[in-house]
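Read through the structure below, which is laid out as structure tokens, and then see the notes.
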Amino acid sequence: MKTRKLDLGDRNIVGARVTQARLSKGMKQKDLLAKLQTAGVEISIPALSLLEGQKRPVSDIELNALADILEVPVDWLLGREEEKK
């Protein structure tokens, strides 16, 4: 697994949890990207990388799709719940 070259940013609070949930499902970024696009969320690989690195904001549409695809509650992505349900 590649290590992050840059420190995490402060543009969102869900990026680290998106990465955690994605990796726990054994998904690569390109797999998540394909599922997002299937769900109607157009996002590029660099944009997804920036999202996970907390370098870009997350829209409500992206947040909802990420929660559905990763099978986690939105509240967990937002850090309002400690454990994934």
What number of residues in segment 62-85 are outside any loop (DSSP other than H, G, I, E, B) and under 18 Å from Lys25 (Cα atoms)?
11
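Determine whether Glu52 is closer than 21 Å to Leu8 by Cα, surrounded by fewer than 19 Cβ atoms within 10 Å (Cβ to Cβ) and acidic (Asp, Glu).
No, not satisfied.
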Yes or no: Arg22 surrounded by 11 or more Cβ atoms within 10 Å (Cβ to Cβ) and of a type in the set (D, E, K, R)?
yes
For segment 41-68, pairs from a residue that is within 16 Å of Ala16 (Cα to Cα) to a residue that is of a type in the set (Ser, Thr, Tyr) and at pLDDT 95 or above, with Cβ under 8 Å and 6 or more apart or across chains, are Glu52/Thr19
Of the residues that sit in segment 6-42 and are β-branched (Val, Ile, Thr) and modelled with pLDDT of 95 or more, which one is nearest to the chain's Cα centre (by Cα)?
Val18
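The values are calculated or read from the model by the stated rules, or taken from the named source; none is laboratory data. In this text the structure is predicted, and so the values were computed from the model without any measurement. Using ideal geometry, Cβ is built from the backbone for each residue, glycine included, and neighbour counts are taken over all protein chains shown.
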